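Notes follow once the structure below has been shown.
The values are calculated or read from the model by the stated rules, or taken from the named source; none is laboratory data. Remember, predicted model here, so these are calculated numbers, not experimental data. When we count neighbours, we look across all protein chains shown, and the Cβ atoms used for this are built from the backbone with ideal geometry, even at glycine. The area values use the complete protein model at the heavy-atom level, side chains included, leaving out ligands, DNA and RNA. Shrake-Rupley method; radii C 1.70, N 1.55, O 1.52, S 1.80 Å.
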Amino acid sequence: MVSKSYSNLLELASGEAPSFGYMNRRIPRIMTVAGLISDVDDDPVDSVCSDPSSSAAHRDRIIMVANQLPIRAQRRPDGNRSCWCFEWDENALLQLKDGLGDDDIEVIYVGCLKEEVHPSEQDEVSQTLLETFKCVPTFLPADQFTKFYHGFCKQQLWPLFHYMLPLSPELGGRFNRSLWQAYVSVNKIFADRIMEVINPEDDYVWIHDYHLMVLPTFLRKRFNRVKLGFFLHSPFPSSEIYKTLPVREEILRALLNSDLIGFHTFDYARHFLSCCSRMLGLTYESKRGYIGIEYYGRTVSIKILPVGIHMGQLQSVLKMPQTEDKVCELIKQFSDQGRTLLLGVDDMDIFKGISLKLLAMEQLLIQHPEYQGKVVLVQIANPARGRGKDVKEVQAETKATVKRINETFGKPGYDPVILIEEPLKFYERVAYYVVAECCLVTAVRDGMNLIPYEYIISRQGNEMLDKVLGLASSPKKKSMLVVSEFIGCSPSLSGAIRVNPWNIDAVADAMDSALEMADSEKELRHEKHYRYVSTHDVGYWARSFLQDLERTCRDHVRRRWWGIGFGLSFRVVALDPNFKKLSMEHIVSAYKRTTTRAILLDYDGTLMPQSSTIDKSPSSKSIEILSSLCRDKNNMVFLVSARSRKMLSEWFSSCENLGVAAEHGYFIRMRRDEEWETHVAATDCSWKQIAEPVMKLYTETTDGSTIEDKETALVWCYEDADPDFGSCQAKELLDHLESVLANEPVTVKSGQNNVEVKPQGVSKGLVAKRLLSAMQEKGIYPDFVLCIGDDRSDEDMFEVITSSMGGPIAPRAEVFACTVCRKPSKAKYYLDDTTEIVRLLQGLACVSEQVVSFSSEQIVC
């Protein structure tokens, strides 16, 4: 039976109740570990708060999760029946049994087999793979796999991540709710398999690629404290492309349930961060070289590191006799005939730019007739991973172009382009690398693409191959690369000739430059590339990622975790153990017991939501609540705001006993009928003549930004501007203002969607000190203090009231410093939103009204 959490998540993700024929059969248990034995029928809804648990001594263990296991499976006859035979797939990138180089690390793999296994054999296959290879197979019915992989992954995610919009049914797949449902359900099946082998307090889980992007949510929901990393091996598109995906927020939030998210290049990471900013309103910052996103009290780290190749595996293939034989064969075919070999190795799909490469070859032969008969382009076309109309079109176009070029420029015994479509063994491909004078990778959009790396290591060769190539007398090796600007490995190959694959003439010129370049220059470029590729192999990549994952998860044990949200919007909040939600019963009880109370309230974001309407004035309900609190003679209520005193006076004119601090406390009024006071030396605002022209310059160049001119401060607001551009302009403005106002008695601070210049020495913390001091001067020591605020400026108030116990505040006073939303704060309590704050204040006001009514009745009597 499917778990309840599974059904709920899928129903919310798809909008309808799905059917799970396959999942009605229980997944067999395959392992028992310390700390957890979980049936798939268990309902994980009770994992609201996770606490540390002890576990026995163990080896460090990594659970590596990918769409496919690094295993080759083959059915062979065995007497009267056939049996399964398994071996490691040496070509699989994630086959890291030797790459980590640490015997103390155990790696368990979770993924699908390439071959379909009959349900009656699945238990036996699972047991064999676990015991022999430490692999946990995930079995999917054929129809479900088709919808998941060939449907949502290859028709919708893959084209979109490679910048193909579904403008028509032929150009990328239109969003299909049933395919999305299949994608979610398969991710849940993967989660179930992981649950069977994981020790959640100790193991690290590393998820790979776009096939499993919602898996982090399922794991985080079941194990709040799981140590979870995710690496995306494909490009991540710009926000303008990604925002077209109907389930964009669900996928972003699922990825953010990871602790560490990895990308090949800064461009891909930048696009992801921009999407988080624009679609979820999240901010990120770099601290000591690490980029992090603050997400509900957790810091989700971003890792930028291109993957490498299996050095040991490739070097062992270079030593194989079959490789030497193939190299000899190719030398006879090309070099001995006086022909130079150019090589392309690509999958047969629409993004690899094969046809563009062929057109560039055609252009080279037209522009340089001297190359005719002397230069050959060998294009190895690996079978496409997807299937569909686009693949057939690429195949047809490629064959037609090859035929045309060979008919135009070919001669007896010479074809300028050789197209190899049949699958080659790895050693055969390596042999082509060894002989090729130049490797061409002209993909129009690609993730990492390790072909250039394999080419470089192959060209380095070894002594055996040097003799075959006649290089015994020359210790220096040479290689040339022409690579597309749009592939992930391009930034790390600074010696390659980078091209825009769409510019046919430029690619042809690059091919000519590669052929004509001096050997000494080729040697220098090869040496530079070889030094990088040989030191940044797949083992280096894996170790670096896991080290960062360990660093990111270091404080998991000492924090408290809560699960909130439903469906794929589920996320966890991780906060200090002493940080808790302010209970209505608790504060009302304390309020009733106390007789001398100080209440300090922020306005924007506390009494009034930040994302409210254009009218920011308080509601009649808020004014009524404040008036009720102020009528209680035991209360001193203070509103502390960044707004101007004129605006606050107008809004709260009916609250006779309300104290007001305007412009962060520069102006203070203890009650409505008193004069405004200032507790900072009189400010000369001549600095505005310097600051205002600078702000106007940024306002003119930043659409949606405004300037608010207060009596003692200037504020540049960009709440309605483009979030990325506004944030960028704010940083520039902050630096600009700090520079031009360096000698003025002001401070420049960045706030929530604003940059503010205000007099030095003005802060909300001083307001709190002033209020408590005024009460102390009258011999009043409050035994109840409530302070509520939502942003950085309110943290000063929290710090003052929590450090004043035994001074201006009675030693055993009830002190409540409360922030809005669960986030890192100096406050010890939180409430979720302004609605809860108003409800809490209304509860306190009701108590005060009862007291006032009771006192009035006594007076009448």
**Message:** Looking for something among the β-branched types (Val, Ile, Thr), free of Cβ contacts under 8 Å to residues at least 24 places away in the same chain and either under 26 Å from VAL694 (Cβ atoms) or open to solvent by 10 Å² or more (accessible area, probe 1.4 Å) (or both) - is there at least one such residue anywhere in region 769-788?
**Reply:** no
**Complete:** Going through region 264-288 in order, the residues found to be in contact with a helix residue (DSSP H, G or I) (Cβ under 7 Å, 6 or more places away or on another chain), part of a helix (DSSP H, G or I) and of a type in the set (A, V, I, L, M, F, W, C) are CYS275, CYS276, MET279, LEU280
**All positions within region 824-861 that are open to solvent by less than 60 Å² (accessible area, probe 1.4 Å), touching a strand residue (DSSP E or B) at 6+ places or on another chain (Cβ under 9 Å) and at pLDDT below 85** = SER825, ASP832
**Asked** Would you say MET311 is of a type outside the set (Ser, Thr, Tyr), open to solvent by 50 Å² or more (accessible area, probe 1.4 Å) and touching a residue at least 40 places away in the same chain (Cβ under 8 Å)?
**Response** no
**Prompt:** How many of the residues making up region 353-377 are touching a helix residue (DSSP H, G or I) at 6+ places or on another chain (Cβ under 8 Å) and within 20 Å of ILE487 (Cβ to Cβ)?
**Reply:** 9
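Given the options GLY761, GLY807, name the one that is touching a Leu at 6+ places or on another chain (Cβ under 9 Å), surrounded by fewer than 21 Cβ atoms within 10 Å (Cβ to Cβ), modelled with pLDDT under 85 and over 30 Å from CYS275 (Cβ atoms). Talk me through it step by step, then tell me what you get.
On the way: GLY761 fails: touching a Leu at 6+ places or on another chain (Cβ under 9 Å).
Exactly one of GLY761, GLY807 is touching a Leu at 6+ places or on another chain (Cβ under 9 Å), surrounded by fewer than 21 Cβ atoms within 10 Å (Cβ to Cβ), modelled with pLDDT under 85 and over 30 Å from CYS275 (Cβ atoms), namely GLY807.
Quick grid of which residues meet (1) among the polar types (S, T, N, Q); (2) within 26 Å of ILE780 (Cα to Cα); (3) crowded, with 18+ Cβ neighbours inside 10 Å:
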| site | (1), (2), (3) |
| --- | --- |
| ALA642 | no, no, yes |
| LEU648 | no, no, yes |
| SER653 | yes, no, no |
| ASN657 | yes, yes, yes |
| TYR666 | no, yes, yes |
| ARG671 | no, yes, no |
| GLU674 | no, yes, no |
**Request:** State the number of residues belonging to region 679-713 that are open to solvent by 70 Å² or more (accessible area, probe 1.4 Å) and either in contact (Cβ under 8 Å) with a residue 12 or more places away in the chain or outside any helix (DSSP H, G or I) (or both).
**Result:** 9
**Item:** Residues that are β-branched (Val, Ile, Thr), in contact with a Leu (Cβ under 8 Å, 6 or more places away or on another chain) and under 21 Å from PRO237 (Cβ atoms), drawn from region 471-514
**Value:** VAL483
**Message:** Tell me the residue from ILE291, ILE261 that is surrounded by fewer than 21 Cβ atoms within 10 Å (Cβ to Cβ) and within 18 Å of GLN547 (Cβ to Cβ), please.
**Reply:** ILE291
**Message:** Being within 30 Å of PRO166 (Cα to Cα) and β-branched (Val, Ile, Thr) narrows it down to one residue among THR244, THR299; which is it?
**Reply:** THR244
**Request:** Quick one: count up the residues across region 410-440 that are closer than 24 Å to GLN363 by Cβ, modelled with pLDDT under 95 and among the aromatic types (Phe, Trp, Tyr).
**Result:** 1
**Complete:** Within region 251-263, restricting to residues that are not charged (D, E, K, R) and not in a helix (DSSP H, G or I), the one that is farthest from PRO216 (Cα to Cα) is PHE263
**Asked** So which strands (runs of 3 or more DSSP E) stay within region 339-453 end to end and still have 3 or more residues that are free of Cβ contacts under 8 Å to residues at least 60 places away in the same chain and farther than 18 Å from ASN500 by Cα?
**Response** 375-382, 417-420
**Request:** For region 39-56, state whether one or more residues are over 27 Å from ALA542 (Cβ atoms), in a loop (DSSP other than H, G, I, E, B) and at pLDDT 50 or above.
**Result:** no
